[in-house]
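Report on the following structure.
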Amino acid sequence: MPRSCGRVLALTALLAVLSTTVQAEQLPLISGWRVHRGEVAGAEAVAFDDRDWRSVTVPHDASIDDHADGTPPFDAQAIAGQDSGYLPGGQAWYRRHLVLDAARAARVIRLNFEAVYMDADVWLNGQPLARHRYGYTAFSLDLTGKVRPGDNVIAVRVNHPDPSSRWYAGTGLIRPVSLDILDPVHLDPEGTAITTPVATAERGQVAVRSVVVNRSARAATVELLSQVVAADGAVVAQARQVRPVAANGRADLDQSLMVDRPALWSPDAPNLYTLVQQVRVGGALKDERRTHFGIRTITVDARQGLRINGQKVVLKGGNIHHDNYMVGAAGLPDADARKVALMKAAGYNAIRSAHNPASQATLDAADALGMLVIDEAFDAWDKPKRAQDYARFFAQDWAADLDSLVVSGRNHPSVLFWSIGNEIPEQGTPEGAETGRRLAERVRRLDPTRPVIQAVSIDGPDNARQFAVLDVAGYNYRAHLFGPDHVQFPDRVMLTTESTPKDAFQYWRPVETMPWVIGDFVWTAVDYIGEAGIGWMGYSQDWQKLAPYPWTLAYCGEIDATGRKRPAAYYREVLWKTGNDPISAFVRQPPGTEDLPDRHYFPIQQPHLDWSLDDVHPSWTWPGQEGKPLEVVVYSEFPEVELFLNDRSLGRHPVGVDSEYKTTFQVPYAPGRLVAVGYRDGQPAGRWELRTAGAPVLARLSLDRPTVRANGVDLAYLTVELADADGTPVYARDADRLVTVRVAGAGALAGMGNGDPRDAGSFQAGERRTFHGRVVAAVRAGTQAGPITVDVALPGLPPQRVTLNAVAP
Ligand code: GAL
């Protein structure tokens, strides 16, 4: 099973190693794959001719690729329709050659898939190896004794029948694939479990459970050395153990290491350590494994809420799906990490991985940046939500898939809770409670340190039946229950696992006022493909008919699909008092000028279920509205707000909890400068400005990094934003322009997107219209070092070029 930090040797080192070397090796299988969309007979055979298949690098999503003729993959007739954002699933085949010298072919070999969506059959040299059905869990296959010296062929058939999901899932080898080449005596890659039962300023206890495997025909006396290495490289604790391990046997080893004055891990100070483990036999090094971890404790109770290292933490949370928009569902590590970083920068401190296990890249980024994660197993158990979803496999596979979730995630300090499910159709029934109990018990056996939760969307005695089997109660859209349920169940720890963005205040207030309510996770933090249009249409029983093609995005993300904060994200920062943007102002779209179709309001059964965001915009450019009153909404942490138009005061308003930290002004429109000033103790303490923009004369380019590693997966993101002659951002839709991006040299365009929920164009063609003045392009490193040039052209504007470097990894 791939892990965040497995074998130390990278590809380059591997090539340099002599075949007699005994060290363990991990080989990422990134390049060398070929893919074919659709069914094909006999493709598992070694001799199958795949030369006309497309060469791709992995992670890869076959559903997001343009068709061979260059047309975009979206299809108005797609079976999964609005669920998948009009993208089809289907079958895909992958093949890759694997060349091993005789020495390596004779070793212990594991082939690791971090996730294949979905229902994968794997062959080696034409022989069936295994089948793995769930599209989000990691699995490892034992190739020991099956590979041969020289050429081998791995073939994977992926079957993604529609409709398999309520959101866009992608198709194919969507997360990394790697190979472990091990000595017969080695650490079980899935065996190391690190817990930190003591985490104080004085002392950190690091308890390590390891499994040493001996796959040789001779008993071995094995020495295990475990060292805790601090960020500066110092070894701060170590333990050594010597144990006999029987031929073809395994041994569990427990070690306890004490770290003096540890640098504790918390969301505010995400200090990491590395556990370096070495296995020796007769003094010879047989295996080395590195695992990042953090020293921290988690406790929850209804009186003090959530505490990390004894300190109270409230969860400023957001849900995310796994897709990465312009690169589809391909879990490219930088794309996954970027979502985490965007959330951290916007003030969130917690992620709910909806509704499936998070990728290792997501968890690695969360560890490093200080984000807490609810890592979730399933969206369905026995009863399906969609005809072809995981419910088909649950009865047979749930235990293995749950184990995979926990084993893959348990050493990540960011993982806070395990969630066993989301809005499970059988929730609250006796049968649902019994299944929940079995799942929760299995999770606790593998990891007794983290609470088990479930996201539940029912009231009354039924929710009580389900919550009775859980450690923490996840409520979807049920802030109204926090008071009454507490009276009935005073020990219950509650949190909002899903809430609507527009009701941010109503969901946050209980977190501030009720100690047993520990946080709120909005639906969603980052926009995603699928559930097309739910952020515009509002809710009705008919909503699935309301966002036809070319709607592709949900459009309920507080951060848009390209990474731009929408007004709701600014409001949330005020509610959370992050200090990033303590005051901000936005303008309501004047009636009759909407650029999206009229909203449909229907008689709704549950009025609180509306994922739309307020139709307000960061713009003071409203030609045609001169003299007409526009509504300006100001979000403010400051208790008093004054608005100025072209230096003329429009009055001061008090702002605070009673006004839900916002106020509105009616302002007769005149072009110029609109400034909101926040006052604390009567003194100006913050300001926010919107300026009327002229015609776009400039495309501002910003690259998120100057170098990428030439490893075939690193990404650099280039943002292109329109500005007028004064540098004011151009936001108006009628000023949007077509942007052409050409990437040459040691990289390629991975995808380009604008965040427009109704743009079903190609992500790969290198041409995209700006949406509210912006597009973002993802540039993927190749496997050769060298310069990468990105040429950006817009009609009527001077062409521009940016260069970045792909450096040897
Ligand atoms: C919830 C569900 C989410 C998402 C959301 C918005 O009920 O758990 O997965 O579908 O509604 O549609």
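With contacts taken as Cα pairs under 8 Å at a separation of at least 6 residues, the range 399-459 carries a relative contact order of 49 percent.
Helical content alone sets the calculated 222 nm signal of the chain at -4000 deg cm²/dmol, taking -39,500 (n - 2.57) per DSSP H segment of four or more residues and averaging over every residue. Multiplying the residue separation of Gln784 and Glu594 by 0.36 nm and subtracting their alpha-carbon distance yields 63.7 nm.
Taking a straight line from the alpha carbon of Lys385, these lysines sit under 28 Å away, with near neighbours fewer than eight places off in the same chain left out: Lys339, Lys502, Lys545.
Between Gly694, Gly761, Ala725, the Cα set farthest toward the positive side of the dipole of the range 667-809 (charges on each charged residue's Cβ, about the Cα centre) is that of Gly761. Along the axis of the charge dipole computed for the range 605-658 (Cβ charges of +1 for Lys and Arg, -1 for Asp and Glu, origin at the Cα centre), the listed residues Val655, Phe644, Gly627 are led at the positive end by Gly627.
Percent of accessible area on the range 311-531 owned by carbon and sulfur, 1.4 Å probe?
55
Relative to the longest principal axis of the Cα atoms of the chain, the long axis of helix 567-576 makes an angle of roughly 80 degrees.
Taking amide H as placed 1.01 Å from N in the peptide plane, Val697 has its amide H under 5 Å from the amide H of Ala723, Asp724, Ala725, each at least 5 places away in sequence or on another chain.
Report the FRET efficiency, 1/(1 + (r/R0)^6), for Arg687 and Arg444, where r is their Cβ-Cβ distance and R0 is 51 Å, rounded to 0.05.
Numbers: r = 51 Å, r/R0 = 1.01.
After rounding, the FRET efficiency stands at 0.50.
Hey, can you find the accessible area per residue of the range 25-182 for me, probe 1.4 Å, expressed in square angstrom? Working shown, then result.
Details: 5180 Å² over 158 residues.
The answer is 33 Å² per residue.
The modelled label-to-label distance between Lys146 and Asp734, using points 7 Å beyond Cα along the C-beta direction, is 6.4 nm.
Starting from the Cα-Cα distance between Ala106 and Glu431, subtract it from 0.36 nm times their residue separation and give me the gain in nm to one decimal. Don't jump to the answer; show the numbers that get you there.
Numbers: separation 325, 0.36 × 325 = 117.00 nm, distance 4.88 nm.
That pair, Ala106 and Glu431, stretches by 112.1 nm at full extension.
Over the range 688-769, Cα pairs under 8 Å with separation of 6+ residues give a relative contact order of 26 percent.
Once the Cα atoms of helix 504-513 and of the chain are each reduced to a long axis, what angle between those two axes, in degrees from 0 to 90 to the nearest 10, is obtained? Tilt relative to the chain: about 70 degrees.
What relative contact order, as a whole-number percentage, does the range 127-268 give when Cα pairs under 8 Å and 6 or more residues apart are counted? Walk me through the numbers on the way to the answer.
On the way: 187 pairs, mean separation 29.1, N = 142.
For the range 127-268, the relative contact order is 20 percent.
The modelled label-to-label distance between Val802 and Arg303, using points 7 Å beyond Cα along the C-beta direction, is 5.4 nm.
How big is D for the chain, in µm² s⁻¹ as a whole number, if Stokes-Einstein is applied with the Kirkwood radius of its Cα pairs at 4 °C and 1.567 mPa s? D = 46 µm²/s. A straight chain from Ala744 to Asp52 at 0.36 nm per residue would run longer than the Cα-Cα distance by 246.8 nm.
Would you be so kind as to identify which of Ala302, Leu272, Ala251 lies farthest towards the positive end of the dipole of the range 221-314, taking Lys and Arg as +1 and Asp and Glu as -1 on Cβ and the Cα centre as origin? Selected residue: Ala302.
Whole-Hz Karplus values for the range 632-639 come out as 10, 10, 10, 9, 8, 7, 7, x Hz, taken residue by residue from phi with 6.51 cos²θ - 1.76 cosθ + 1.60 and θ = phi - 60°; glycine and proline positions read x.
The range 365-405 and the range 98-159 have Cα centres lying 23 Å from one another.
Kindly flag which residue pairs out of Lys565/Lys628; Lys312/Lys565; Lys316/Lys344; Lys344/Lys565 have an alpha-carbon separation exceeding 20 Å in this structure. Show your work: numbers first, answer last.
Working: Lys565/Lys628 28 Å; Lys312/Lys565 28 Å; Lys316/Lys344 10 Å; Lys344/Lys565 12 Å.
Beyond 20 Å between Cα atoms: Lys565/Lys628; Lys312/Lys565.
For the chain, the Cβ-based charge dipole about the Cα centre amounts to some 1900 debye (Lys, Arg positive; Asp, Glu negative; other atoms uncharged).
Simple spin-label estimate for Asp791 and Thr200 gives 6.6 nm between the two label positions (7 Å along the Cα-to-Cβ direction from each Cα).
The values are calculated or read from the model by the stated rules, or taken from the named source; none is laboratory data. These numbers come from a predicted model, not from an experiment. Counting neighbours? That spans all protein chains shown, and the Cβs are built from the backbone with ideal geometry, glycine included. SASA here: full protein model, heavy atoms, side chains in, ligands and nucleic acids out. Shrake-Rupley method; radii C 1.70, N 1.55, O 1.52, S 1.80 Å.
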